[in-house]
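Peer 1: Once you've had a glance at the structure underneath, I'll fire off some questions.
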Amino acid sequence: DTLLKVENLKKTYESSTGIVEAIGDISFTMRQGELVCIVGPSGCGKTTLLKCIAGLLRPTAGVIELDGQPVTEPPENMALVFQEYGRSLYPWLTVRGNVELPLRHRKLSRAERDRLIDDALHAVGLDHAAKSYPWQLSGGMQQRVAIARAVAYQPEVLIMDEPFAAVDAQTRADLEDLVRTLHRERGMSILFVTHDIDESVYLGERVVVLSKSPTWVQEDLAIDLPDE
Ligand code: ADP
Ligand code: ADP
């Protein structure tokens, strides 16, 4: 039940100053229902890795497979949550409208769509804010809207790129617990990228560590989580 396979992935950019090795060599696999963290300092290639997995960027070498299929274009069964929550929400749509947006392309009955939206808003604790507009909400609440949208979409894998880097410490702790709950109670497969080692160890069942000094390396940590 391998969900995502990344094997000997390499990516170099050509820039005016020469060739930049953004990713030296990354390999890892993720099983269905796992929460895997990718951690490393700024510049180690995290964004590049995610862009390759999301089918937005072509690797220089290596293999990326989702459900055994090579990723050559943005997969439909993938949802993304970014650090810049403000930019991913539409200001002219209500919270409910934002969560509904990706479901519009699905052949769902009105009732089924409403059920998915209500369920997702409830899961992130935003039942009461359905009719609000994103700009009326705090940053943490806006990020909950982005997460609700991903929950309603029911993706095979949820990719989160430094999602809580821009919120205050208490909000961040609350949102981290939300991610853990979504993973535990709904079995969501989550690939969580952060530069914060504490966050990665708190959240991840497995942590893939990227580093590029003195040379580009990858290490894997297995985290033994206490049973809850
Ligand atoms: P992060 O917040 O993940 O550290 P960066 O600030 O490194 O992101 O990069 C932001 C965007 O700029 C990314 O899309 C990245 O691909 C692009 N980028 C980063 N470094 C360079 C560079 N040296 N030349 C061109 N584009 C770059
Ligand atoms: P991270 O997300 O971990 O900060 P990035 O993937 O943004 O890392 O960048 C990895 C390396 O690749 C950095 O040295 C960055 O400057 C470089 N880079 C990223 N995007 C580009 C680009 N489009 N052109 C040239 N260099 C880039």
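Peer 1: Nearest 20 debye, what's the magnitude of the dipole of the chain about its Cα centre given +1 on Lys and Arg Cβ and -1 on Asp and Glu Cβ? Mind showing how you got there, number by number?
Peer 2: Working: 24 positive and 34 negative charges, 202 e Å.
With only Lys, Arg, Asp and Glu charged at Cβ, the dipole is about 960 debye.
Peer 1: Could you work out the local net charge near VAL145, counting Lys and Arg as +1, Asp and Glu as -1, over the other residues with Cβ closer than 12 Å to its Cβ? Intermediate results must be reported in sequence, preceding the final value.
Peer 2: Details: positive: ARG96, ARG144, ARG149; negative: GLU100.
Summing Lys/Arg as +1 and Asp/Glu as -1 gives +2.
Peer 1: Also, quick follow-up: Please give the helix 139-153 orientation as an angle from the longest Cα principal axis of the chain, in degrees from 0 to 90, rounded to the nearest 10.
Peer 2: 90 degrees
Peer 1: Just for the chain, what percent of DSSP beta bridges are antiparallel, to the closest 5? Before the final figure, lay out each step's value.
Peer 2: Values: 23 of 41 bridges.
Taking every DSSP beta bridge with both residues in the chain, the antiparallel ones total about 55 percent.
Peer 1: Related question: Helix 110-123 sits at what angle to the longest principal axis of the chain, using alpha carbons and giving 0 to 90 degrees rounded to 10?
Peer 2: Orientation of helix 110-123: about 70 degrees from the principal axis.
Peer 1: Further question: With the radius of gyration and the Kirkwood radius both derived from the Cα set of the range 1-123, what is their ratio Rg to Rh?
Peer 2: Values: Rg = 17.6 Å, Rh = 17.0 Å.
Rg/Rh: 1.04.
Peer 1: Continuing with the same structure: Keeping every protein chain present and rolling a 1.4 Å probe, give me the accessible area per residue for the range 107-170 in Å².
Peer 2: Details: 2960 Å² over 64 residues.
Counting only protein heavy atoms, the per-residue value for the range 107-170 is 46 Å².
Peer 1: Hey, got a sec? Which chymotrypsin sites (Phe, Trp or Tyr not before Pro) in the range 51-103 land in a DSSP loop and have at most 14 other Cβ atoms within 10 Å? Present the calculation step by step, with values, prior to reporting the outcome.
Peer 2: Values: sites: PHE82, TYR85, TRP92; in loops: TRP92.
Sites meeting the loop and neighbour criteria: TRP92.
Peer 1: With no solvent and one equal point scatterer per Cα, compute the Debye intensity ratio I(q)/I(0) for the chain at 0.12, 0.13, 0.14, 0.18 Å⁻¹ and report its log10, rounded to two decimals.
Peer 2: -0.67, -0.78, -0.90, -1.38
Peer 1: Build a GNM of the chain with springs between Cα atoms under 10 Å: which of ARG87, ARG113, ARG31 gets the top mean-square fluctuation?
Peer 2: Between ARG87, ARG113, ARG31, it is ARG87 that shows the largest mean-square fluctuation.
Peer 1: Sum up the charges of everything whose Cβ sits under 9 Å from the Cβ of GLU34, counting Lys and Arg as +1 and Asp and Glu as -1, but leave GLU34 out. Don't skip to the answer; put the middle values down first.
Peer 2: Numbers: positive: ARG31, ARG206; negative: GLU205.
Once positives and negatives cancel, what remains is +1.
Peer 1: For the chain, give the percent of accessible area contributed by carbon and sulfur heavy atoms, probe 1.4 Å, rounded to a whole number. Provide the component values of the computation, followed by the final result.
Peer 2: Numbers: 5690 of 11580 Å².
Roughly 49 percent of what the probe reaches on the chain is carbon or sulfur.
Peer 1: Quick check for me: using +1 on Lys/Arg Cβ and -1 on Asp/Glu Cβ, what's the dipole size of the range 108-158 about its Cα centre, in debye to the nearest 20? Working shown, then result.
Peer 2: On the way: 6 positive and 6 negative charges, 34 e Å.
That gives the range 108-158 a dipole magnitude of about 160 debye.
Peer 1: Which entries in LYS10/LYS107; LYS5/LYS46; LYS5/LYS107 show an alpha-carbon gap greater than 27 Å? Intermediate results must be reported in sequence, preceding the final value.
Peer 2: Working: LYS10/LYS107 38 Å; LYS5/LYS46 16 Å; LYS5/LYS107 30 Å.
Violating the 27 Å Cα-Cα cut-off are LYS10/LYS107; LYS5/LYS107.
Peer 1: Over the alpha-carbon set of the range 118-213, divide Rg by the Kirkwood Rh and report the Rg/Rh ratio to two decimals. Walk me through the numbers on the way to the answer.
Peer 2: On the way: Rg = 13.7 Å, Rh = 14.1 Å.
That ratio is 0.97, to two decimals.
The values are calculated or read from the model by the stated rules, or taken from the named source; none is laboratory data. Quantities reported herein were computed from a predicted structural model and do not represent experimental measurements. Ideal geometry is used to build each Cβ from the backbone, glycine not excepted, and the neighbour counts take in all protein chains shown. Each accessible area value is taken on the protein alone, full model and side chains, heavy atoms only, with ligands, DNA and RNA left out. Shrake-Rupley method; radii C 1.70, N 1.55, O 1.52, S 1.80 Å.
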